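We did not get these values from a lab; they are worked out from the coordinates using the rules stated. Treat the numbers as computed from the prediction; the structure is a model and nothing was measured. Here the Cβ is made from the backbone with ideal geometry for all residues, glycine too, and neighbour counts use every protein chain on show.
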Amino acid sequence: MTDPIRPGGDSAATIEAHGLTKSYGKPAVRVLDGIDLRVGRGTVFALLGPNGAGKTTTVRILATLTEADSGTARVAGYDVVADRSAVRRSISLTGQFAAVDETQTGEENLRMMARLTGQSRAAARRRAAELLERFGLTAAARRPVRTYSGGMRRRLDLAAGLVGSPEPGVFFLDEPTTGLDPRSRQELWEAVRELAARGATVLLTTQYLEEADRLAGRIALLDRGRIAAEGTAADLKSRVGGHRLDLVLTSQEAYLRLAGRAVHHSPETLTLGIPTDGSAAQVRALLDEIDPVGREIERFSLHSVTLDDVFLALTSSTPTPNGPTTDATSTSASTPDAISPDAPTTPEASAHV
Ligand SMILES: Nc1ncnc2c1ncn2[C@@H]1O[C@H](COP(=O)(O)OP(=O)(O)O)[C@@H](O)[C@H]1O
Ligand SMILES: [Mg+2]
């Protein structure tokens with residue numbers, strides 16, 4: 001087999017994108033506003049963002065299902081527009097809705113798909129059995145897919161993306177665990193880890209911070225069509241200072257005055273979290289600065305930051321006096337902030353959460 005990486009491409013990256021933009025509708029609404037991505041060979045990369053952030057659009061461009069308005073992308077060394085069919089041969093795309101026939105068994109589905117890739121009857125049977133085993137579906141192999149649980153369906157989808165031989169080296173998993181119960185999610189995580197352990201490059205999208213943290217070596221926070229931050233989970237956490245000082249305040253007025261600096265809000269309990277390095281000196285200085293006369297802070301506590309804090313800090317907006325923001329992921333699309341002042345503000349961008 002020839003090496004698909006060509007001169008001029010980035011030989012250490014399996015997926016690279018530069019300045020991808022995409023608009024939909026009339027008047028045009030920009031849903032991707034200049035996306036740059038670089039995913040190293042044999043790594044798991046998470047594109048993390050709320051509903052409407054542009055995750056699926058990005059994946060569809062990389063998987064050649066739609067074209068960007070501007071920008072370029074290469075997958076496995078091939079240009080997604082000029083070398084579309086070479087890209088398609090190199091990838092597997094698993095969405096939330098796969099082309100599985102509900103009335104047939106898992107085994108029948110996989111065998112049929114393997115046959116469609118040109119394998120002999122015997123090879124297709126072997127391949128199906130192998131994949132059913134690998135994804136823990138052997139016991140359910142002879143049952144119609146309509147009787148499968150959500151987790152079993154998702155694993156069958158993953159298997160379906162692998163029936164070709166040789167297996168593709170690049171996997172796009174678009175929200176592979178959305179809607180799954182915790183146990184099924186764990187099983188899918190295992191399957192993804194196994195893919196990566198075999199040397200595959202995986203780009204997955206998720207709305208779950210924990211998932212990105214657990215699975216991905218690198219994470220990009222996608223917020224209204226832009227990458228708000230990118231790095232390892234540790235890199236991202238260090239951007240908000242490592243610790244969070246949670247304050248319970250005595251008045252709405254103090255809450256509103258401080259909310260702009262917070263990475264965590266709860267107007268019901270007048271609680272907010274302020275980023276800090278956690279040192280005694282800084283915590284003492286913060287408490288003095290925030291509440292010089294000792295009347296506005298009722299209680300405080302110190303926590304290690306989570307990816308949730310990072311996400312909120314990098315994508316959230318400042319609460320307004322007539323409606324404090326409690327959850328940036330549900331309102332960010334309609335509230336401009338410093339990160340993307342000209343981001344789309346269509347209702348559909350915020351309506352799904
Ligand atoms: N084919 C389309 N036509 C019009 N608008 C679209 C289309 N696809 C996506 N959008 C809009 O683009 C935005 C981003 O969508 P999407 O990429 O699906 O986000 P995500 O996968 O992060 O939820 C949303 O506001 C969505 O409504
Ligand atoms: Mg999506």
Revision key, fill the gap. extent check for the stretch 188-304: Cα max minus min per principal axis, descending, whole Å, gives 60, 29, 24
Study note, to complete from the structure: Here P(r) for the stretch 56-111, Cα-Cα distances in 5 Å bins, as whole percents, is 4, 18, 23, 17, 12, 12, 8, 4, 1
**Study point:** Scattering curve values for the stretch 103-181, log₁₀ I(q)/I(0), Debye with Cα scatterers, q = 0.12, 0.20, 0.26 Å⁻¹
**Key:** -0.31, -0.85, -1.28
Review point. Met112 to Ser149: FRET efficiency via 1/(1 + (r/R0)^6), r the Cβ-Cβ distance, R0 25 Å, to the nearest 0.05?
Key: 0.70
Review point. For the residues Arg261, Arg244, what sequence is obtained by ranking on other C-beta atoms within 10 Å, fewest first?
Key: Arg261, Arg244
Exercise for review: Would you please give the residues with an amide H less than 5 Å from that of Gly34, counting only those at least 5 places away or on a separate chain, with H modeled from the backbone geometry?
Suggested key: Leu20, Thr21, Lys22
Review point. What is the order of Asp223, Asp246, Asp69, fewest Cβ neighbours within 10 Å to most?
Key: Asp69, Asp246, Asp223
Exercise for review: Principal axes first, then extents: for the Cα atoms of the stretch 242-304, list largest minus smallest coordinate on each axis, whole Å, largest first.
Suggested key: 27, 24, 18
Point to revise | Cβ-based exposure ranking for Leu258, Leu173, in which fewest neighbours within 10 Å come first | key: Leu258, Leu173
Check your understanding: How much net charge surrounds Val248 when only the other residues with a Cβ under 11 Å from the Cβ of Val248 are counted, with Lys and Arg +1 and Asp and Glu -1?
Key -> -2
